[in-house]
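Peer 1: Sending over a structure as structure tokens; questions will come in a sec.
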Amino acid sequence: MTSVRRKIDLYILSLGLLFVFIFVMTVKFPANFSFNDGELWKNLVVSNLLPLISMLFMCYCWFVYISFDFDLKGANDLPFEIKELENINCEHLTFLFTYVMPLIGFDFANDRQMIVLALLLVVMGAIYIKTDLFYANPSLALLGFRIYRANGHFKNGGREGITLICREHLKQGQKFSYIKLDERIYYVRSVK
């Protein structure tokens, strides 16, 4: 279950830029704002529900990022060694420009289009999780993470065609600690 939760979290994190764009495009500020006017605060919240929801998702994205970073520091599986390595960072851009950017074109004032957007995000998430493409995450790219395809030697034998997500530039022959996201996708850091 933890693996599925991590995949869902990575998918939500991949939509972080979309949440930022939605917030910027839809937030409405009142002309005359007063911190002491309770009615004005109520109207501000009611007229900015979508930006508030986007802000909550942005906060959740930050939590997911901190959580993954913390989990990796506690990775206790035996390290593995990279035998072959290929940089596949271009997959971040594929996700961003193919799936996230077109969603900005929705009319956020139209309730029907908002329902379609929500359903589309759920369906995209299900597809990305089932096809294991959740690692192609533009938010992680902005935070300095890289994606590699590799062959590695683990304690119990070799594995080919695994995908590695990390902050570092990887080199052949290095050893890494890892968190296994699924059978072929690992979140890694070098062993010091």
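The values are calculated or read from the model by the stated rules, or taken from the named source; none is laboratory data. If you're wondering where the values come from, they're calculated on a predicted model, not measured in any experiment. Cβ placement follows ideal geometry from the backbone for every residue including glycine, while neighbour counts extend to all protein chains displayed.
Peer 1: When the range 129-169 is examined, which residues are found to be among the hydroxyl-bearing types (Ser, Thr, Tyr) and without any contact (Cβ under 8 Å) to a residue 40 or more places away in the chain?
Peer 2: So in the range 129-169, the residues among the hydroxyl-bearing types (Ser, Thr, Tyr) come out as 131, 135, 139, 148, 163.
Hit for the range 129-169 is 131, nothing else.
Peer 1: Of the conditions (1) surrounded by 14 or more Cβ atoms within 10 Å (Cβ to Cβ); (2) within 30 Å of residue 47 (Cα to Cα), residue 167 clears all except one; give me its number.
Peer 2: The number of the failed condition is (2).
Peer 1: Right, here's the next one. Give the residues of the range 176-187 that are surrounded by 13 or more Cβ atoms within 10 Å (Cβ to Cβ), out of contact with any helix residue (DSSP H, G or I) (no Cβ under 6 Å at 6 or more places or on another chain) and at pLDDT below 85, sorted by residue number.
Peer 2: Just the residues of the range 176-187 that are surrounded by 13 or more Cβ atoms within 10 Å (Cβ to Cβ), to begin with: 176-182, 184-187.
Still in the running and out of contact with any helix residue (DSSP H, G or I) (no Cβ under 6 Å at 6 or more places or on another chain): 176-178, 180, 184-186.
Listed by number, the residues that qualify are 176, 177, 178, 180.
Peer 1: Okay, moving on. Helices (runs of 4 or more DSSP H) wholly in the range 48-150 with at least 1 residues that are under 16 Å from residue 23 (Cβ atoms) and either more than 13 Å from the chain's Cα centre (by Cα) or at pLDDT below 85 (or both) - which ones? Explain how you work it out, then say what you get.
Peer 2: Details: elements: 49-73, 90-95, 111-130, 138-142.
Here the list reads 49-73, 111-130, 138-142.
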